[in-house]
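Every number here is computed from the coordinates shown, using simple stated rules; none is lab data. No experiment lies behind these values; they were computed from the predicted model shown. Note that each Cβ is placed from the backbone with ideal geometry, even for glycine, and that neighbours are counted across all protein chains shown.
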Amino acid sequence: MKKIKLGYIGSGPISSFHVSALKYAGFEIISFFSRNYIKACKFSQVNKIKLPEKSFNDFLIKSDQVDAFIISVKTDFVLKYLKDLCKIKKPIFVEKPGSLNSLDLKKIKEKSNTKIFFLYNRRFYSSILEGKKFIDFSKQCFLSVKIPDTTKTLKNFISNGCHIIDILFFYFKDLKVLKSYKLRKKIGYYFLLQSKNHDMISCLLNWGSPQNFEINICNEKYQRLEIKPLEASFLFHKMKPINPTKKIPFRSYIPKLINKKSAIHHGKKFKPGFLEQYLEIKKIIKYNKKNHKLCNLDNAIKVLNLIETIIKKSK
């Protein structure tokens with residue numbers, strides 16, 4: 001089977017995960033560029049890919065030989081490459097979030113390349129897909145979301161916390177901010193969101209909190225889906241009462257576990273969601289097939305817009 005030919009930009013730590021999944025999924029990197037040429041040469045040797053081009057112009061010259069581009073660099077440098085690649089009118093896949101503000105991506109949208117997608121790999125976790133399925137068969141849901149992080153900066157909220165915001169858009173398509181509060185001592189934000197269907201989402205962004213990322217979803221059917229950590233989901237239905245005994249003299253209630261999923265497959269060397277994501281990307285490139293799992297340019301703008309609204313409303 002003919003391999004899909006790629007132009008790849010980036011040689012940071014995450015790129016090794018991208019390259020291993022790409023190669024396994026049947027892609028071939030025929031053009032490679034990174035700002036640091038010496039570092040890029042070492043990267044190509046370690047990951048057994050083509051040696052890098054010496055300049056971005058050399059990389060662009062080979063653009064007619066590739067089927068698509070992947071940009072996996074620090075967010076601050078994405079636009080520098082994206083602006084030029086947009087002119088080529090080939091599919092472009094960009095490491096999330098693509099920019100630190102929505103205005104930059106809105107300007108990219110004006111360049112009329114409709115084949116720009118953003119690599120939010122958590123959309124492809126089996127646990128996250130269980131959440132999508134749970135919400136779709138429920139009439140109304142209430143979500144409790146925890147977004148802890150070790151780095152106490154707004155930049156990190158945008159570049160890393162965007163994953164959770166994107167998952168919420170993946171679930172609901174449209175969201176509005178009802179309330180937003182800045183926590184004291186600059187330790188984060190609490191905000192309340194609502195979907196068009198009046199689903200309610202309570203979110204706590206608490207920097208430095210000793211907990212994991214978490215999404216809890218309840219519905220009207222006495223069911224609860226717990227996604228904690230994001231790589232695992234647990235579906236509970238109703239409660240099992242445990243009556244008091246002489247040994248334990250109080251009544252307790254245990255949720256009944258009826259199903260669980262994990263995005264971590266032991267024995268696989270791929271970062272969760274990466275291989276599944278690239279298998280879907282393969283269909284887009286090869287068959288020009290529409291895909292509703294991937295984050296497109298409009299969705300990426302919505303994610304950044306919402307984060308900006310959360311910050312603005314909290315002041």
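Of the options 208, 129, 177, report the single residue whose Cα projects farthest towards the positive end of the charge dipole of the chain (beta-carbon charges: Lys, Arg +1; Asp, Glu -1). With unit charges placed on the Cβ atoms, the residue in question is 208. The ellipsoid that matches the Cα gyration tensor of the range 4-119 has semi-axes, each √(5λ) in whole angstrom, of 22, 15, 14, with the longest given first.
Placing +1 on each Lys and Arg Cβ and -1 on each Asp and Glu Cβ, with no other charges, gives the chain a dipole about its Cα centre of roughly 460 debye.
In sequence order, the range 39-56 has phi-based couplings of 4, 5, 4, 5, 4, 5, 5, 5, 9, 6, 10, 4, 4, x, 6, 7, 8, 5 Hz under the Karplus curve 6.51 cos²θ - 1.76 cosθ + 1.60, θ = phi - 60°, and Gly or Pro positions carry x. Here the Kirkwood formula puts the hydrodynamic radius of the chain at 21.2 Å, using every distinct Cα pair. Please work out the FRET efficiency for the pair residue 38 and residue 80, using the Cβ-Cβ distance as r and a Förster radius of 25 Å; give the result to the nearest 0.05. Efficiency, rounded to the nearest 0.05: 0.80. Near residue 228, once Lys and Arg are set to +1 and Asp and Glu to -1 for all other residues with Cβ below 13 Å from its Cβ, the sum equals 0.
In this simple spin-label model, placing a label point 7 Å from the Cα along the Cα-to-Cβ direction at both residue 114 and residue 209 gives a separation of 4.1 nm. Taking each of 80/261; 83/268; 39/302; 39/186; 109/173; 23/261 in turn, the alpha-carbon distance tops 29 angstrom for 80/261; 83/268; 39/302; 39/186. With contacts taken as Cα pairs under 8 Å and at least 6 residues apart, the range 167-291 reaches a relative contact order of 12 percent. Between the amide H of residue 178 and those of 192, 193, 194, distances stay under 5 Å, these residues lying 5 or more places away or on another chain, with hydrogens modeled in the peptide plane.
Normalising the average separation of contacting C-alpha pairs (under 8 angstrom, six or more residues apart) by the number of residues puts the relative contact order of the chain at 19 percent.
Across the range 1-98, C-alpha contacts under 8 Å between residues 6 or more apart give a mean separation that, scaled by the residue count, equals a relative contact order of 31 percent. Taking every DSSP bridge with both residues inside the chain, close to 60 percent are antiparallel. For a straight C-alpha distance cut-off of 14 angstrom, the aspartates and glutamates reachable from residue 196 (same-chain residues fewer than eight places away being disregarded) are 136, 174.
Rg and Dmax, both from the Cα atoms of the range 174-240 and both in Å, are 14.1, 41. Amide H contacts of residue 31 (H built 1.01 Å from N, in plane; Pro and chain starts excluded): 6, 8 sit under 5 Å, all sequence-distant by 5 or more or on other chains.
Can you give the local net charge around residue 62? Use residues other than it whose beta-carbon is closer than 14 angstrom to its beta-carbon, Lys and Arg +1, Asp and Glu -1. Computed value for this residue: -2.
Each of residue 238 and residue 315 was given a label point 7 Å from its Cα along the Cα-to-Cβ line. The distance between the two points is 5.2 nm. Here the Karplus relation 6.51 cos²θ - 1.76 cosθ + 1.60, evaluated at θ = phi - 60°, turns the backbone of the range 236-242 into coupling constants of 10, 9, 6, 10, 9, x, 10 Hz, with x for every Gly and Pro.
The alpha-carbon of residue 107 sits under 17 angstrom from the alpha-carbons of these aspartates and glutamates, leaving out residues fewer than 8 places away in its chain: 76, 84, 298, 308. Residue by residue, the range 206-217 carries 3J(HN,Hα) couplings of 10, 5, x, 5, x, 8, 9, 4, 8, 10, 10, 10 Hz when phi is fed to the Karplus relation 6.51 cos²θ - 1.76 cosθ + 1.60 (θ = phi - 60°); x denotes Gly or Pro. Here the label points at residue 106 and residue 221, each 7 Å from Cα along the C-beta direction, are separated by 4.0 nm in the simple model.
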